[in-house]
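Just below is one structure, and these are the notes that go with it.
The values are calculated or read from the model by the stated rules, or taken from the named source; none is laboratory data. Just so you know, these numbers come straight off a predicted model, no measurement behind them. Here the Cβ positions follow ideal geometry from the backbone for every residue, glycine too, while neighbour counts run over all protein chains shown.
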Amino acid sequence: MPKKVFDAFFHATVRDIKNHYQPGDKYLSIRQMAEKYQVSIQTAQRGVKKLEEYGYITVKRKAGITIDALRPRKKLDGYKIAVVSARTDTRFNEALFKGIRETADEKGVSARFEPIPDMDISSLGFGDYLLSLDADGIIALYFNNSALPFYHVMREGRDIVTDIILDELPILPVVQTDNFRHAKEAGRIFVDRGYRRFLVVGYYPRKRNRRYEGMLEAIKDDCDDVRYIHLADSGSMTAIDTFFHNFNSRCAVYSIDYSSNYIVGAKFIQYKIPVKNDNFLVYDCEEETFNYHGLSPVKSVGPSFYSMGSELCKVLIAKQETGAYPEPRQKKL
């Protein structure tokens, strides 16, 4: 029996219990469950065993199946989480891991950061490496090309959640920031403050860049000029200097990824331009504000790395507590 069929059956029975029953109610017999959900008797028996294990039901001979609880008993003793990241930026990893660790600590769960060996992260061997970790659940950060190893991990029954949606793996549990929505929010703030000339800076290319497109959607009717600087392009620093050299009260800057925050912050200091009235906004940030020595705190629009880490950890803990990943399985903050 494919694991996907059993998981779908188990999740459906959990939803049915939560939506239509109260503790003490009689539930369906194994045969009725098999007929209702169009699964085999063997699958229904496995499902009943797992429902009883998680505390949803009580099974007694002759008395049948009774609803025990709408929320399962917590089963977190000894639960271990491993965190792996494809990004080498120490501050990025530390901020996300802080949110993960503190959320885990609140639940009495252990979480640890695991270094990645020098290997192909798109290979089945990387999946075997993940399975070799002494962990019940895995949080994988910043992986773009790892559908195969992640699918391998899931097929082996290991819990895994990531922060990037992989189109090749739509069943993968994901918590991701809503890039377009938050960028549009930043653009609205700029327009409300009366800014009309804009510089957007980031390491992502402009094409299909949802962070740039969201801001552009908000400012397009109130914009005299907008310039996107892709920091990987030659001449990008010269272009940034040109904008700052002509900076005035109608100018604002939006840094759309973590590393560019520091470059833009340094330019505000270099040109002695005070950060005020939200003339500088950032997207990615460790906490709720971006703090750079010599500047006033800069507003971060969108979830912080800390809150993202916390949400990712909550998904794994919910899976362990309830036996099912929270819905929607792929969500944006």
| note | When Val191 is run through (1) over 20 Å from the mean Cα position of the chain (by Cα); (2) among the aliphatic types (A, V, I, L, M); (3) not assigned by TED's automatic domain parsing to the domain that holds Asp224, the failure sits at (3)
| query | On the given criteria, is Asp105 out of contact with any helix residue (DSSP H, G or I) (no Cβ under 8 Å at 6 or more places or on another chain), part of a helix (DSSP H, G or I) and either exposed (fewer than 15 other Cβ atoms within 10 Å of the Cβ) or assigned by TED's automatic domain parsing to the domain that holds Asp7 (or both)? | reply | yes
| request: Would you mind stating whether Arg188 is of a type in the set (D, E, K, R), more than 30 Å from Thr238 (Cα to Cα), in a helix (DSSP H, G or I) and modelled with pLDDT of 95 or more? | output: no
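Just checking, does the range 285-294 include any residue being of a type in the set (Gly, Ala, Ser), without any contact (Cβ under 8 Å) to a residue 24 or more places away in the chain and surrounded by fewer than 16 Cβ atoms within 10 Å (Cβ to Cβ)? Lay out the reasoning, then the answer.
So the first thing to find is which residues in the range 285-294 are of a type in the set (Gly, Ala, Ser), and the list is 294.
So of that shortlist, the ones also without any contact (Cβ under 8 Å) to a residue 24 or more places away in the chain come out as none.
The answer is no, given that none of the residues of the range 285-294 is of a type in the set (Gly, Ala, Ser), without any contact (Cβ under 8 Å) to a residue 24 or more places away in the chain and surrounded by fewer than 16 Cβ atoms within 10 Å (Cβ to Cβ).
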| query | Got a number for residues in the range 156-188 being in the same structural domain as Ser234 (by TED's automatic domain parsing), buried (at least 18 other Cβ atoms within 10 Å of the Cβ) and among the charged types (D, E, K, R)? | reply | 1
| Does any residue in the range 110-123 that is under 20 Å from Gly99 (Cβ atoms) come within less than 8 Å, Cβ to Cβ, of a residue that is of a type in the set (Ser, Thr, Tyr) and part of a loop (DSSP other than H, G, I, E, B) six or more places away or on a different chain, and which pairs are these? | Ser110/Tyr79
| remark: The residue from Arg211, Arg227 that alone is touching a strand residue (DSSP E or B) at 6+ places or on another chain (Cβ under 9 Å), basic (Lys, Arg) and touching a residue at least 40 places away in the same chain (Cβ under 8 Å) is Arg211
| remark: Selection from the range 295-321 of residues free of Cβ contacts under 8 Å to residues at least 24 places away in the same chain and in a helix (DSSP H, G or I) yields Ala318
